[in-house]
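The values are calculated or read from the model by the stated rules, or taken from the named source; none is laboratory data. This is a predicted model, so every value here is computed, not measured. Heads up, the Cβs are rebuilt from the backbone with ideal geometry, glycines too, and the neighbour counts pull from every protein chain shown.
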Amino acid sequence: MTTSRLFPSSRFFKILTACAIAIVIAAAPLMPARTAHAEDKDAAAKSFIQDLGDKALTSLTIQSLAPDERERRVRKLLTQNFDIYTIGRFALGTYWRQASDSQQKQYLKLFEDMIVQTYSRRFADYDGQKFKVGGAFSGGHNDTLVKSEILQKDGPPVHVTWRVRAKNGGMKVVDVVVEEISMSVTQRDDFRSVIEAGGGNVDALLKKLRSSTGNAAKGGDSKHG
Amino acid sequence: MNFVGKMARRLTAQRFMALVLCGFLAASLSACATRPANSQAAMASTEIKDPIEPVNRAVFKFNDVLDIVLIEPAAKVYKAVLPGFVRDGVRNFVRNLDSPIVVANELLQGNFGGAGVSTARFVINTTAGIGGLVDVASAQGLTYRDADFGQTMGKWGVGNGCYLVLPVIGPSSLRDGAGLAADTYASPVRIISRNTDNDWFYYSTTVAGAIDTRSRLIKAVDDLRKNSLDYYAAVRSAYSQKRRAMIEGDGTGAGNGAADMADIPDYDAQ
């Protein structure tokens with residue numbers, strides 16, 4: 001009696017074991033390959049950020065650089081290494097869809113000018129800071145979050161995390177997070193407030209961007225905003 | 001000592017400040033509870049609700065002027081006149097005095113590891129670190145961590161309430177403002193200073209700590225001022241992100257978790 005009762009159950013376990021072994025065998029080659037791939041990706045993102053930092057520190061921080069030349073270099077480095085379309089579109093938030101094609105185009109151009117000028121100012125104020133890349137971890141999509149520290153002469157290190165997205169075989173920065181504050185989120189909230197104050201019209205933002213980037217004359221708006 | 005004299009002495013500046021703070025919190029509480037009709041827009045504007053934005057903006061402007069004419073120049077003089085090791089001494093001393101509050105909050109958050117580190121730091125720095133002037137514990141790998149009651153309540157699941165700009169103190173929220181009041185009320189330094197008629201000690205360490213903190217934020221504040229279109233909105237956003245990270249993050253301030261980070265959509269994939 002006991003054997004006949006045990007028999008089917010032991011066969012059940014045999015099948016189960018066989019299945020488990022089959023799954024392990026099938027998955028085994030995949031598992032190390034996946035982690036190796038992730039490690040490669042992290043390492044690639046880290047060296048991308050290290051390169052970017054090195055390039056910026058050697059070519060943008062020269063004190064004697066003329067403002068126009070610094071801006072030209074910053075623009076080149078930014079457009080090559082930052083996904084300005086993605087950052088700009090994110091920063092416009094829900095108003096992106098409300099904006100006309102022409103408004104979107106104008107906005108992206110002004111947004112690029114704004115961040116070029118922001119980074120130009122930052123590099124002009126360079127004061128001997130050093131750049132150290134730390135660890136990296138996966139951040140969803142095709143993103144790698146690369147941690148870094150900006151070491152100051154006087155003051156604590158500033159923690160900066162770079163969101164690097166693998167795209168079309170290359171890599172682009174899509175967000176810069178300084179001390180847990182996302183520059184893209186801050187900009188989105190900043191822009192949203194300007195648009196809301198202007199009655200929900202994207203033109204209010206365009207106008208303000210024009211005057212802050214010195215494009216007011218070209219844009220055909222009155223300077224006073 | 002007659003009764004009136006005693007009463008007058010008791011109604012010191014700190015009590016007055018506490019009264020002002022309580023009044024402010026109470027006023028905002030009612031404002032938070034009765035949201036204006038355009039609350040939809042207010043809620044959509046940032047992570048943190050700001051139903052009393054006009055009041056906040058007025059206080060923000062006052063703080064900004066105060067900062068420009070008084071606090072920032074004082075911080076700049078402090079930075080220019082005192083060598084780095086003296087300024088570090090000020091920071092270490094003030095942080096060490098604040099340790100009991102940090103430990104209490106870490107315990108309330110159930111962060112026993114953190115509370116152990118903070119207690120060890122307090123013991124080591126108070127003795128070997130000459131009353132807290134030298135942060136010898138950091139060299140032993142016991143690095144500084146901050147904790148406050150606003151954060152504790154956040155970890156307990158209490159929401160922000162709403163955004164609140166406090167006079168002089170700056171960006172806060174209904175929850176964090178109440179937390180600050182509780183931390184201040186419970187501060188052993190404040191209690192001991194008052195009970196021994198040494199109020200000056202509490203005030204001067206508070207002011208020194210504030211000037212020191214401001215002196216370390218000169219570049220950051222300057223950057224946000226220059227590079228934002230609406231400085232008020234940018235500060236509000238930064239405050240709400242920072243507090244969220246302090247409540248949901250691992251507490252090291254280094255942004256170690258992907259969960260701390262804003263998600264940037266992949267627009268090409270849509």
Keeping to segment A:164-189, report how many residues are β-branched (Val, Ile, Thr) and without any contact (Cβ under 8 Å) to a residue 60 or more places away in the chain. 6
Have a look at A:PHE123, A:PHE131, A:PHE137 and point out the one that is in contact with a helix residue (DSSP H, G or I) (Cβ under 8 Å, 6 or more places away or on another chain), closer than 24 Å to B:ASP263 by Cβ and of a type in the set (Phe, Trp, Tyr). A:PHE137
Those residues of segment B:149-165 that are free of Cβ contacts under 8 Å to residues at least 60 places away in the same chain and crowded, with 19+ Cβ neighbours inside 10 Å come to a total of 3
Segment A:148-200 - residue that is more than 7 Å from chain B (Cβ to nearest Cβ) and of a type in the set (Lys, Arg) and, of those, nearest to B:ASP230 (Cα to Cα): A:ARG188
Leading residue by the ranking (modelled with the highest pLDDT) among those in segment B:239-253 that are facing another protein chain (nearest Cβ under 7 Å) and crowded, with 20+ Cβ neighbours inside 10 Å: B:GLN241
Do any residues in segment A:110-138 that are touching a residue at least 24 places away in the same chain (Cβ under 8 Å) and surrounded by 14 or more Cβ atoms within 10 Å (Cβ to Cβ) have Cβ atoms under 8 Å from those of residues that are of a type in the set (Asp, Glu) and assigned to a helix (DSSP H, G or I), where the two are at least six apart or on different chains, and which pairs are they? A:VAL116/A:GLU71; A:GLN117/A:GLU71; A:SER120/A:GLU71; A:PHE131/A:ASP54; A:ALA136/A:ASP42; A:PHE137/A:ASP42; A:SER138/A:ASP42
For segment B:47-92, name all the residues that are within 30 Å of B:VAL136 (Cβ to Cβ) and of a type in the set (A, V, I, L, M, F, W, C). B:ALA74, B:ALA75, B:VAL77, B:ALA80, B:VAL81, B:LEU82, B:PHE85, B:VAL86, B:VAL90
Being closer than 25 Å to A:THR144 by Cα, of a type in the set (D, E, K, R) and either at pLDDT 95 or above or assigned to a helix (DSSP H, G or I) (or both), is that true of even one residue in segment A:59-74? no
Limited to segment A:78-89, what total is found for residues that are surrounded by fewer than 18 Cβ atoms within 10 Å (Cβ to Cβ) and either at pLDDT below 95 or more than 12 Å from the chain's Cα centre (by Cα) (or both)? 2
Tally, over segment A:75-98, of residues that are outside any helix (DSSP H, G or I) and under 22 Å from A:GLY214 (Cβ atoms): 1
